[in-house]
Amino acid sequence: MFDRVLVANRGEIAVRVIRALHELGIEAVAVYSTADRDALHVELADQAVCIGPPSATESYLRISNVIAAAETTGCDAVHPGYGFLAENAEFVRACDDNDVVFIGPPADVVEQLGDKVRAKEAMAAAGVPLVPGSDGTGGLDALRAAAAAAGFPVLLKAAAGGGGKGMRVVAAEDELDRAFSAATAEADAAFGDGAMYVEKLLSPARHVEIQVLCDEDGNVLTLGERECSIQRRHQKLVEESPSAALDATTREEMEATVARASEAIGYRNAGTFEFLVGPDGAFHFIEVNCRLQVEHPVSELVTGIDIVREQIRIAAGEPLAAVGRAARRGHAIEVRINAEDPARGFLPAPGRIVQLQLPLGPGVRVDTAVRAGSEIPPYYDSMIAKLVVWDDTRAAAIARTERALRELAIEGIPTTRELALDVIASPEFRSGDYSISTLADLEHRLPSLASP
Ligand code: ADP
């Protein structure tokens, strides 16, 4: 097992990883930008190294600084969290070159899956059903042909995409040119790569993803699904497990498909296979996230497996304790609390948290790095906390989520708490019968989204 691990991240996920390290008896080294000098992850770590100014490109994203921090503190391994360098093949290679274990899949797997078009090719070869669309990237003519074959409306997507960037719905052929120019420019600016592909727009569709763990011997454990269809602008807001969209047969088919694909591509460590489930119940692969997901606690609560601890154990060469399908129990719901202003179209709203009352009590977990008095810097992600709840049944978990959300009090900055309460109270969410367009359809009548 490792003696000392560098946590190459900030915020709630850095705190989450430090906790897992300490529970395993491993020393944690934090990195921080000057904006995060007083952050909780710095305080909880055994050592902390300043890696640059506030801008992420000059600190958390700067590979040489992160590697230098690991080297100078004598770390055996690096945990990347999610975001920042978590899916950066160049960073994985830099870790390899410096004899620091990267807690995640190997560089070639990260590289292959990071290109969504190559990922889809690999999945097709492994017999995974895809959303109909282009075979590769291409210019306008190729995309036009692929869109016509798939049938409008289509979704233009960036091969290097993430976070919904470089994505455009195209309703008809005459909109393709304009959408392509905008999307390719956006992808180029965000990822330095403007390559585009096209997919049929599935509607109504549900976003259902499968969590997987693979050890260094290639053994595979699937941990069931997470339903992530409550989204705003392609960003997840509420996640739950199990999903009301799956019957036992489809669930097993999806998990078996993911296990087979993981073996075929030589997947290692924790990963998530994302699918869209159509109205007919058929599932179609969209992408693999070769890292820990924000919403991983949902699977932890229903399986009782600490995914971060398993990531560390696997990277240290330890075998999975169980393979096949992880046993599950009960129902879990996660609500993301973002520092965003509903009155201003949910623009990120950094500022100082004056008062903070976190919910407690049975079945409630809060993953956060903020405290009363914390300053939310404007430079990073606006998600400040995750409320995760477990109970025996979906109905009980919903009641518990509402109770916990009501207990949660954050003063000083606007947040998505009220929006979450509205969503949880809506008949659509309660019925379990919702899709990725439900939140947009609800916007006109949710009180938290009403114009001021
Ligand atoms: P990103 O990596 O940018 O998050 P994804 O490919 O994971 O992009 O898609 C993000 C979201 O966009 C999905 O959760 C879903 O809501 C929507 N989406 C993606 N592909 C399709 C599709 N073919 N049809 C309908 N919606 C889609």
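The values are calculated or read from the model by the stated rules, or taken from the named source; none is laboratory data. Keep in mind that this is a model prediction, so the values were computed, not measured. Glycine gets a Cβ as well: all are built from the backbone with ideal geometry, and neighbour counts include every protein chain shown. Just so you know, the surface numbers come from the protein's heavy atoms only, side chains and all, with ligands and any DNA or RNA stripped out. Shrake-Rupley method; radii C 1.70, N 1.55, O 1.52, S 1.80 Å.
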- [ ] Please verify whether segment 295-304 includes one or more residues that are among the small types (Gly, Ala, Ser), buried (at least 16 other Cβ atoms within 10 Å of the Cβ), part of a helix (DSSP H, G or I) and more than 16 Å from the ligand (Cβ to nearest atom).
- [x] yes
TODO: All but one of (1) more than 13 Å from the chain's Cα centre (by Cα); (2) open to solvent by less than 10 Å² (accessible area, probe 1.4 Å); (3) more than 16 Å from the ligand (Cβ to nearest atom) hold for residue 315, so report the exception by its number.
DONE: (2)
Task: Checklist (1) outside any helix (DSSP H, G or I); (2) at pLDDT 95 or above applied to residue 135, failing item - done: (2)
Open item on the list: Taking the conditions exactly as written (within 16 Å of the ligand (Cβ to nearest atom) and without any contact (Cβ under 8 Å) to a residue 60 or more places away in the chain), does residue 381 satisfy them or not?
Closed with: no
- [ ] Pick out the one residue from 203, 229 that is open to solvent by 10 Å² or more (accessible area, probe 1.4 Å) and either part of a strand (DSSP E or B) or under 17 Å from residue 155 (Cβ atoms) (or both).
- [x] 203
TODO: Among the residues of segment 384-396, count how many are surrounded by fewer than 20 Cβ atoms within 10 Å (Cβ to Cβ) and touching a residue at least 12 places away in the same chain (Cβ under 8 Å).
DONE: 4
Task: Odd one out for residue 184 among (1) within 23 Å of residue 89 (Cα to Cα); (2) under 21 Å from the mean Cα position of the chain (by Cα); (3) among the hydroxyl-bearing types (Ser, Thr, Tyr) - done: (2)
- [ ] Mind telling me which of the residues 190, 142, 148 ends up being within 15 Å of the ligand (Cβ to nearest atom) and either within 23 Å of residue 277 (Cα to Cα) or open to solvent by less than 60 Å² (accessible area, probe 1.4 Å) (or both)?
- [x] 190
Open item on the list: Take the conditions touching a Leu at 6+ places or on another chain (Cβ under 9 Å), buried (at least 18 other Cβ atoms within 10 Å of the Cβ) and at pLDDT below 95 and apply them to residue 285. Does it pass?
Closed with: no
TODO: Please work out if residue 163 is open to solvent by less than 40 Å² (accessible area, probe 1.4 Å) and touching a residue at least 60 places away in the same chain (Cβ under 8 Å).
DONE: no
TODO: Determine which member of the set 98, 88 is outside the structural domain of residue 253 (by TED's automatic domain parsing), open to solvent by 10 Å² or more (accessible area, probe 1.4 Å) and within 16 Å of the ligand (Cβ to nearest atom).
DONE: 88
TODO: Count, please, the residues in segment 42-71 that happen to be part of a helix (DSSP H, G or I) and touching a Gly at 6+ places or on another chain (Cβ under 7 Å).
DONE: 2
Open item on the list: Name the single residue that is least open to solvent (accessible area, probe 1.4 Å) among those in segment 101-136 being within 23 Å of residue 20 (Cα to Cα) and among the β-branched types (Val, Ile, Thr).
Closed with: 103
Open item on the list: I need the full set of residues from segment 329-347 which are at pLDDT 95 or above and open to solvent by 40 Å² or more (accessible area, probe 1.4 Å), in order please.
Closed with: 329
Open item on the list: Regarding segment 73-83, can at least one residue be identified that is outside the structural domain of residue 258 (by TED's automatic domain parsing), within 16 Å of the ligand (Cβ to nearest atom) and not in a strand (DSSP E or B)?
Closed with: yes
Open item on the list: Looking only at segment 40-85, how many residues end up being open to solvent by less than 20 Å² (accessible area, probe 1.4 Å) and either touching an Asp or Glu at 6+ places or on another chain (Cβ under 6 Å) or under 22 Å from residue 309 (Cβ atoms) (or both)?
Closed with: 12
TODO: Identify the residue in segment 193-234 that is small (Gly, Ala, Ser), at pLDDT 95 or above and under 16 Å from residue 276 (Cα atoms) and, among all such residues, is nearest to the ligand (Cβ to nearest atom).
DONE: 205
Open item on the list: Taking the conditions exactly as written (of a type in the set (Lys, Arg), touching a residue at least 24 places away in the same chain (Cβ under 8 Å), open to solvent by 30 Å² or more (accessible area, probe 1.4 Å) and not in a strand (DSSP E or B)), does residue 93 satisfy them or not?
Closed with: no
Open item on the list: If residue 111 meets every condition in (1) among the acidic types (Asp, Glu); (2) in a helix (DSSP H, G or I); (3) near the ligand (Cβ under 10 Å from one of its atoms) apart from one, which number is that one?
Closed with: (3)
